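Q: Quick one: structure below, then a few questions.
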């Protein structure tokens, strides 16, 4: 499972995104700053083994949250929840 500490601090996301995996789930977390809006976290999960750009968009699930410590926790909780929901289904697709 993903922990809050693994997801790094907010300043990290001002410069780059964070990717990783909890087999068979892959994830991407990044900060987005929509025009005339406050920054948000945007996270995606999808079944491995491929990277984000090589995975069909129909297989990706996403979530947004405020760009804050609470938002970061919300994203981590969501990724862990998605892992629990899809690990058996997505593992079988890897065989």
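Q: Between the helical axis of 69-93 and the dominant principal axis of the chain, each derived from Cα atoms, what acute angle in degrees is found, rounded to the nearest 10?
A: Approximately 10 degrees, to the nearest 10.
Q: Would you please state which residues of the stretch 16-30 a label at residue 80 would reach in this model, taking the label point 7 Å out along Cα→Cβ and a backbone N cut-off of under 20 Å?
A: Hits in the stretch 16-30 for residue 80 at 20 Å: 18-30.
Q: Go ahead and set up a Gaussian network model of the chain, Cα springs under 10 Å, then flag whichever of 33, 60, 15 fluctuates most.
A: With Cα springs under 10 Å in the chain, the top fluctuation among 33, 60, 15 is at 15.
Q: Starting from 0.36 nm per residue, how many nanometres of slack lie between residue 3 and residue 64 once their C-alpha separation is accounted for?
A: Residue separation times 0.36 nm, minus the Cα-Cα distance, leaves 20.2 nm.
Q: Further question on the same structure: Only bridges whose two residues both fall in the chain count here: according to DSSP, what percent of them are antiparallel, nearest 5?
A: 100 percent
Q: Please give the contour-minus-distance gain from residue 33 to residue 87: 0.36 nm per residue of separation, less the Cα-Cα distance, rounded to one decimal in nm.
A: Value of the extension gain: 16.3 nm.
Q: Then there is this: Could you grab the relative contact order for the chain? Cα pairs under 8 Å, six or more apart, rounded to a whole percent.
A: That works out to 28 percent.
A short reminder: the numbers here are calculations on the coordinates, not readings from a lab. In this text, all values refer to a predicted model and were calculated from it rather than measured experimentally. Cβ: placed from backbone, ideal geometry, glycine included. Neighbour counts: every protein chain shown.
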